[in-house]
Amino acid sequence: MKRLPRLSTILWCALAALLLWPLFSWAIVHAVWIPDIDACRAARGVGACWGVITEKHRMLLFGRYPYAEQWRPLAATVLILLVLGGASWRRLWQPRLALGGLLVLGLAVLLMRGGLAGLSTVNTKEWGGLPLTLLISLGSTLLAFPFAILLALGRRSPLPLLRSLSTSYIELVRGVPLISLLFMAAFLFPLLLPAQLRIDILPRVVLTIAAFAAAYLAEVIRGGLQAVPAGQAIAAKALGMRYSQITLFIVLPQALRTALPALVNSFVGIFKDSSLISIVSLHELTGALAISLGGDADWRSFYLEGYLFIALIYWAFCFTLSQVSRHFEARLAHSRQKPQPEAAG
Amino acid sequence: MRQALLRWLPQILLLALLALLLGWLGHNVLENMRERGIRAGFGFLLEPAGFEIGESLFDYDASLPLWRAFLTGVMNTLRVALPASVIATLLGTLIGLGRLARHPVPRRLCGMLVETLRNIPLLLQLLMCYFALTSLLPDAADAISPLPGSFLSKSGLFLPAWHCTPQCGWDMPQVAGFGIEGGWSLTPEYLAVLIALSLYSAVFIAEIVRGGILSVSSGQIAAGNALGLTRLQVLWHITLPLALRAIVPALTNQYLNLTKNSSLAVAIGYPELVSVANTALNQSGRAFECIVVVMAVYLSLSLITAALMNLYNARVALRGAA
């Protein structure tokens, strides 16, 4: 005899259907997929108007980048995604390939910027959309990383002055919201530098996010450093290694390995935080939405669909990255469980 | 002697370098300000603010000194951060327990909610919330009434208010012409920040609660069962006190994040601290001073929250150890 589903299962499923059905019906069943404003207006309130995405997708994805040249941000995005994909593949972790990855990222920036090999120069003011989000989050994380390692080491240093400086930097930055630092980048940077030295807003923002991220990454790395057994450093010292050697070859590699899943999660945080730069008027994904829909009287009423589209892009990236982090964590746990080979007597 | 030199020389060099850098930056600031004809210093906080603020707890108008504007901003930050903390904690606990439910359907539903909300930037959720509240809701004239006596529309949420001027009694909001009068009104800006902030923080708190409960070793619960305690008694007397020890320190971080995240309200024009500072900055050109004020306030809020939570943590930890 087939087992009947329990009453609670039926009730829960009914509740789930009750919650999810209106969403499904709005987003799929009654949705308008073609960029037809009249059809969209007719379906208002009943079905989603995904036509707005079809109509505006170029501006949503690439912002104000010159229309005819938009193959360049597209190529840059593909390059960055390749690097990101490669970086999450354990088998490709080799120093030579890491350097190659950095070069590819540089190539992506050059491609966006232009000005050589017959490409017209595109001012950073016109950059936008997905490639800008990716460049800013990745660029600032890479810049933050060495600084974060120094801060983490500084916070654990036996030198009291170094320790208190690192600690105050980390706690200060972690105590204030990113937006106040971004305002600093927008309004205070020009005041801090001599009048002759003017830096473009994009590098200013990248540097600021890097300075912000460094404090958070430093804490994650510090966690990794704490997990390295003290015996490791003592053994290395007994072998006659110097502090720099111990740190570089014994402690840091183990610490970073332990911290890797948490580091990936921090990157997800930076990726999400990069949306804040739309407040200081740079048109990355969130900002690009405002310029593509805000000025258009016809399509402006379908902002919600635009938001959902952007949210889907963010979600896809963050979800994938957090899966990668989980994968790293599982590998780590697995390698810990492996029995240590017996020392030959 | 040589040891001491090796120990202190690099540190002194570092400090000197830092002092040099800060001195150079400070010199540049003064130079640049002089060039633009701005006087440095915090004296401008005593001058009239010269701008209105959309909503405030205390009386405020543009003729009051600027520090009153900043104070109003801080009050507005707290007015949204405190209720959001409470809602996020309750909702987060509920979702966290939902993820541990024995039945797979609520477990999946809560899991979906967590994975959706925490992978989308808060700013985007806030903008979406604000758009929904200001564009998708009906006009005030045909406001919907979710509960008797309350009205929800494009102009916000109106609730009955308890007034004691001159007689005590309920002040019920009423639809009057094209607007709603009376009662206790919450602006769409406030509601958007409150909802987005509560939901976003709730999913992080849910993960903390789940982790905390999972961290209680099964032997403790088995021991409770063996003593003949009911499920509820086990939860209340064994799981919860032990889980709290793991939860409270992580919760502190979430409350700090929530307070800092409330600064995103500047994007939709809710007049909290950063928003007020931004207006003051644009009006007076005192970028340096305004940003210093914002940072100082957030740092003190962080310190106060951390101190309070540490006090609570000490209690929880002690009770667990006793």
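The values are calculated or read from the model by the stated rules, or taken from the named source; none is laboratory data. Given the structure is predicted, the values throughout are model-derived calculations rather than measurements. Positions of Cβ are backbone-derived with ideal geometry, glycine not excepted, and every protein chain shown enters the neighbour counts.
Points worth noting:
- Of all residues in region A:205-219, those satisfying the criterion of being within 13 Å of another protein chain (Cβ to nearest Cβ) and of a type outside the set (Asp, Glu) are A:Thr208, A:Phe212, A:Ala215, A:Tyr216.
- Whichever residue in region A:148-194 is of a type in the set (Val, Ile, Thr) and within 8 Å of another protein chain (Cβ to nearest Cβ) and, among such residues, is surrounded by the most Cβ atoms within 10 Å (Cβ to Cβ): A:Ile179
- Residue count for region B:14-57 satisfying the condition of being part of a loop (DSSP other than H, G, I, E, B), out of contact with any strand residue (DSSP E or B) (no Cβ under 7 Å at 6 or more places or on another chain) and over 14 Å from A:Leu192 (Cα atoms): 13.
- Put simply, of A:Ser244, A:Ser266 the only residue that is within 14 Å of chain B (Cβ to nearest Cβ), at negative phi and modelled with pLDDT under 90 is A:Ser244.
- Filter pass, B:Leu308 being in a helix (DSSP H, G or I), modelled with pLDDT under 85 and not polar (S, T, N, Q): yes
- Screening B:Met295 with (1) within 13 Å of another protein chain (Cβ to nearest Cβ); (2) buried (at least 22 other Cβ atoms within 10 Å of the Cβ) gives one miss only, at (2).
- Qualifying residue in region A:239-250 (condition: among the aromatic types (Phe, Trp, Tyr) and in contact with a Phe, Trp or Tyr (Cβ under 9 Å, 6 or more places away or on another chain)): no
- Applying the condition of being modelled with pLDDT under 85 and of a type in the set (Asp, Glu) to region A:293-307 and asking which residue is nearest to A:Gly51 (Cα to Cα) yields A:Asp298.
- Test: residue in region A:139-148 that is free of Cβ contacts under 8 Å to residues at least 12 places away in the same chain and part of a helix (DSSP H, G or I): yes
- Test: A:Ala330 is in contact with a Gly (Cβ under 6 Å, 6 or more places away or on another chain), over 18 Å from B:Met128 (Cα atoms), away from every other protein chain (no Cβ under 14 Å) and of a type in the set (A, V, I, L, M): no
- If you go through region A:100-116 and pick out every residue that is free of Cβ contacts under 8 Å to residues at least 12 places away in the same chain and either of a type in the set (Ser, Thr, Tyr) or not in a helix (DSSP H, G or I) (or both), you end up with 2.
- Across region A:286-311, the qualifying residues are those that are farther than 25 Å from B:Leu117 by Cβ and within 10 Å of chain B (Cβ to nearest Cβ), and the one among them that is surrounded by the fewest Cβ atoms within 10 Å (Cβ to Cβ) is A:Arg300.
- Taking region B:130-175 and the strands (runs of 3 or more DSSP E) fully enclosed by it, the elements with 2 or more residues that are closer than 20 Å to B:Ala192 by Cβ are at B:151-153, B:156-159.
- In region B:34-46, the residues that are under 14 Å from B:Cys290 (Cα atoms) and within 12 Å of another protein chain (Cβ to nearest Cβ): B:Ile38, B:Ala40
- Only residues that are in contact (Cβ under 8 Å) with a residue 12 or more places away in the chain and farther than 30 Å from B:Leu117 by Cβ were counted across region B:159-169, and they come to 2.
- Residue list for region A:193-223, filter: farther than 30 Å from B:Trp24 by Cβ and either in contact with a Leu (Cβ under 6 Å, 6 or more places away or on another chain) or not in a helix (DSSP H, G or I) (or both): A:Val220
- Just one of the listed residues (B:Tyr190, B:Tyr270) is touching a residue at least 60 places away in the same chain (Cβ under 8 Å), part of a loop (DSSP other than H, G, I, E, B) and not polar (S, T, N, Q), and it is B:Tyr270.
- Every residue from region B:104-114 that is without any contact (Cβ under 8 Å) to a residue 24 or more places away in the chain and surrounded by 15 or more Cβ atoms within 10 Å (Cβ to Cβ): B:Val105, B:Pro106, B:Arg107, B:Arg108, B:Leu109, B:Gly111
- Residue in region B:58-81 that is of a type in the set (Ser, Thr, Tyr) and either in a helix (DSSP H, G or I) or on the phi > 0 side of the Ramachandran plot (or both) present: yes
- Only one entry in A:Pro73, A:Pro95 is surrounded by fewer than 17 Cβ atoms within 10 Å (Cβ to Cβ) and of a type outside the set (A, V, I, L, M), namely A:Pro95.
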